[in-house]
Every structure is written in structure tokens, then in C-alpha cells.
Amino acid sequence: DFLRDRRKLVWALVYSLILTPMLFVVPAGFLMFRTTQQLTQILTVPVQGMANAPGLMKYLQANQIEAVEVTDAESLIREKQFTVGLIVPSDFEKRVEAGKSLELTVVSDDSKSLDVSASRFIAILEKYRDELVARRLAEKQLPADLLKPFTVQRRNAATATETAGSTLSLIIPGFLLTLGLTAGMQVAVNSTAGEKERLTLEPVLFPPVDRKHLVLGKLLAVLTTIVIFMVNMFISLGLSFIGLTFVAARLMTDRSAETAQAFASNAPQVGGYAIAPMDVVVAILSIVPIMVLGASLQLAISTWARSNDEAYGYLNPLSFLSSLPMIVV
């Protein structure tokens, strides 16, 4: 029925091969582009008390921060005119020259959770602070590590394969279990409870066909649906990954080296993972009994129902139970 309906077939291909990858690539690409812009473009910051810190203002300008003199930075942030602002105390320069500590106030709008301008601005201020500390230590002829009595180095005893594999093991088994137990539900319901509802089950039983062959045929139909669904899903995810890789590559090549470096430093790092070919074969084979179990349960439960709606009601707990191991893990 599915293959005969050309419209449904074309829509399924368009949805899985075009729309689904676009749902991943377009929003993620937009966020990557926007984050890269926020990290690299000139950032305009309202500064209250700008004249109190001429040295800091020069440093900000050298780091692509355009300071604007204002009388009330916080009100401008509250009115959504800027994303981040700075309040400089009146004795900033005197206390810095005297080697005393003081407090700078950064005002930001935390309701904009996807905006990284404030984090970028704070990082630049902290870098300026560290340079002041280094200069003070140099003037007093003190070692640069005076303020760091010890450092903490974290060493991973596990290999890169073990680390990445441990992360993947939290996701992939539960993901496959959920799909294997629920993917063929529509065909299972349609071939049992659906036959009852359409009054076509009795005619199917009339021909001299072995009942085992009949059940096996329905089981294979459900299994085929599950396999097609999984292959289709992996193709969609593969196309999405290719699209995201293309967007990331364009962002890193079409812009300056600073843009590429900023994007690379804020992107998740994945590497060093290796898997043996036999492990891939074993992983694929391990899915087969899960799919057989899921198809068998769907058919068995659906035979109790007298209609499609009743069958879906019986099978809904199966969807929850299949995702339970993933939640537990």
C-alpha cells in the first residue's frame, strides 16, 4: 500500500532526506554563524565612567571592543539597547597605579541565553587583569608564579577510545532499543487489529496456508519496516552531519583566522575514537534480536485488540518501557 501511493512515498523521501536534515542543519548552522559573529565582530559596549580608565579603554579598543560613554549603563541594558555594559569606579586608575584591588561591574541581560557577548567581554577584562598582575610582579622583580602556589593537572588514565566509547554507550544502546521495539508498530497493528477492523482476517485464514507461514510473513513485514526505518534514520543523520560539517567548514574558511580560531575554541572537540571492524559487525548483529523481539511483541499485543485504536492503546506502554533502560543508564 505504501509503495502504491506515490504521493506518500515521495513525501516520505522528501521528509527523511531533505526536511529532517534541514531541521538539524539550519537551526544549528544559524547558531554557529551567530555565535561566531558575536565572538569576532566589533562589540559596542556602553561604559559608565569611561574617563576613569583610559588604559583599559585603549586595551578594549585593541581587542575589537568599542566603548561608548554613557551616564547609566544598567538602564540601557534593561531597555535592550545593548547586550552588555560596564561600570567603572571613579578611582579606578589611582587604585590600579597604587597596586590596590577594586571592583568592575559588568551589566548583562541574562534573559538572552544564546548571546555570548557578555562572556567574551568578561574574558577580555580578565585577560587585562592578568596582564596587570604580570606587570606588577615584574616591577617588583617577583616570579610570575608567585600567585599560583600550585597548579592542578588533570590526566585521563583511560584511552581516547575508552573515553569516547563510554560516552557513546550511554546513548546508542538505549536509542537502538527504543527504535527496535517500537519502529514497526504501524505495520504490526495494521496487519492484526487492522485486519479485524476491516473484516479481512477470516478470508486470509481460508486459503490452505500454514498458520506458521502466515505469522512468519507478518513478522517479516514488521521486521522489514523496522530495518527500513533504521536505515532511513541513519541516512538522515548522516546527511545532517555532512550538512553541519559543511556549514562549519564554510564559517572557518570564509572568515578571518581569528574567526576560525574563536569558532574552533568554542566548538565541542571530538577525536581519538577508533573502533575495530569486527566490533561494528557485532554491534549490527546485536540489533537483530532486539528487532525480532520488538516485532514479536507488537504482533502478539496487537492480536488482543479489536481495532487499531485499541491496539495503539495496548502498545503505548511498550514505548515507555523501551525508553526506560535508556533513562536508567
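The values are calculated or read from the model by the stated rules, or taken from the named source; none is laboratory data. What you see is a predicted model, and the numbers here were worked out from it, not measured in a lab. Counting neighbours? That spans all protein chains shown, and the Cβs are built from the backbone with ideal geometry, glycine included. Protein only, heavy atoms only, side chains kept; ligands, DNA and RNA dropped before computing areas. Shrake-Rupley method; radii C 1.70, N 1.55, O 1.52, S 1.80 Å.
Overview of results
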{"item": "Helix 308-328 vs. the chain, principal-axis angle (Cα, 0 to 90°, nearest 10)", "result": "40"}
{"item": "Per residue solvent-accessible surface (Å²) - the stretch 127-180, probe of 1.4 Å", "result": "83"}
{"item": "Count, lysine Cα pairs under 23 Å in the chain, 8 or more residues apart or across chains", "result": "15"}
{"item": "Sulfur and carbon atoms: percent of accessible area, the chain [1.4 Å]", "result": "64"}
{"item": "Kirkwood Rh and Cα Rg combined as Rg over Rh, evaluated for the stretch 84-177", "result": "1.20"}
{"item": "Label corresponding to Rg/Rh (Cα atoms, Kirkwood Rh) when calculated from the structure given, among [x] 0.97; [y] 1.00; [z] 1.18", "result": "[z]"}
{"item": "Only Lys, Arg (+1) and Asp, Glu (-1) charged, at Cβ; the stretch 28-89 dipole about Cα centre in debye", "result": "200"}
{"item": "Accessible heavy-atom area order of ASP145, ASP109, highest first, probe of 1.4 Å", "result": "ASP145, ASP109"}
{"item": "Exposed trypsin sites (Lys or Arg not before Pro) absent: longest stretch of the chain, with sites in DSSP loops and at most 11 other Cβ within 10 Å deemed exposed", "result": "156-305"}
{"item": "Coil-residue GluC sites (Glu not before Pro) of the stretch 48-108, DSSP, other Cβ within 10 Å capped at 13", "result": "GLU79, GLU103"}
{"item": "Vicinal HN-Hα couplings computed from phi for the stretch 98-105 (Karplus, 6.51 cos²θ - 1.76 cosθ + 1.60; Hz; Gly/Pro x)", "result": "7, x, 9, 8, 7, 10, 9, 10"}
{"item": "Dipole of the chain, positive end: most advanced residue of SER323, VAL10, ILE122 [Cβ charges, Cα centre]", "result": "VAL10"}
{"item": "Unit charges at the beta carbon, dipole of the chain: most positive-side option, TYR312, GLY194, PRO46", "result": "GLY194"}
{"item": "Computed helical MRE - 222 nm, the chain, DSSP H runs ≥ 4 contributing -39500 (n - 2.57), nearest 500", "result": "-21000 deg cm²/dmol"}
